[in-house]
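**Student:** Got a structure here, written out as structure tokens. Questions coming.
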Amino acid sequence: MPSILLPPAIAAEKAMKLSVELSRTAEAAAAGYGAAIAPVVANIVATNGFITTIQTALTPAGAVAPPALIGLNTTAAAFTQLTTISAGITATIPQSVAVAGAPSPSFPISAALVTTQIDAVATFIKKFLVDPQK
């Protein structure tokens, strides 16, 4: 029987995997980045909720990985990564229209970094929140 923590972990992983593709699409949108990245922001909010569900269940036990398969330290690391991604998106949106309504020269690098970070958190969630429960 799977853990009660597995469904929110899988949902978080799926939201972030989907967000990788959405972020790539937003990169290509250039000046339309702000609107195109909005679904990713929604997925980050949802993922925060899924991970909060996991953290809430772990808190009474004070679980720390290791020895626990999943620990409060793992959820804290995921939250930190999601916060970094959110900050990156916030910084990238103005860059998408910085030069007379067109992207600044730094926009492609910033947008690509957001996508890389989203991919990294999706991998982290799979490795440290999903896989240990299988």
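**Student:** If you go through the range 25-38 one residue at a time, do you hit one that is more than 13 Å from the chain's Cα centre (by Cα), aromatic (Phe, Trp, Tyr) and either modelled with pLDDT of 95 or more or within 30 Å of PHE107 (Cβ to Cβ) (or both)?
**Tutor:** There is at least one residue in the range 25-38 that is more than 13 Å from the chain's Cα centre (by Cα), aromatic (Phe, Trp, Tyr) and either modelled with pLDDT of 95 or more or within 30 Å of PHE107 (Cβ to Cβ) (or both).
Yes or no, residue by residue, for (1) in a helix (DSSP H, G or I); (2) polar (S, T, N, Q); (3) buried (at least 20 other Cβ atoms within 10 Å of the Cβ):
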site	(1), (2), (3)
ILE4	no, no, no
SER19	yes, yes, yes
ALA31	yes, no, no
VAL41	yes, no, no
ILE51	yes, no, yes
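**Student:** Confirm whether LEU69 is surrounded by 17 or more Cβ atoms within 10 Å (Cβ to Cβ) and within 14 Å of ALA9 (Cβ to Cβ).
**Tutor:** Details: surrounded by 17 or more Cβ atoms within 10 Å (Cβ to Cβ): no; within 14 Å of ALA9 (Cβ to Cβ): yes.
Answer is no for this residue.
**Student:** Suppose we filter the range 78-134 for residues that are among the small types (Gly, Ala, Ser) and assigned to a helix (DSSP H, G or I); how many remain?
**Tutor:** Total meeting the criteria: 10.
**Student:** Also, I was wondering about something else. Any residue in the range 49-67 that's free of Cβ contacts under 8 Å to residues at least 40 places away in the same chain: show its pairings with residues that are surrounded by 17 or more Cβ atoms within 10 Å (Cβ to Cβ) and of a type in the set (Gly, Ala, Ser) at Cβ separation under 6 Å, as long as the two are six or more apart or on different chains.
**Tutor:** ALA63/GLY71; VAL64/GLY71
**Student:** Residues of the range 87-131 being among the hydroxyl-bearing types (Ser, Thr, Tyr) and surrounded by 16 or more Cβ atoms within 10 Å (Cβ to Cβ), which ones?
**Tutor:** THR92, SER96, SER110, THR115
The values are calculated or read from the model by the stated rules, or taken from the named source; none is laboratory data. Just so it is clear, the model here is predicted, and its values are computed rather than measured. So basically every Cβ, Gly included, is an ideal-geometry build from the backbone, and we count neighbours across all protein chains shown.
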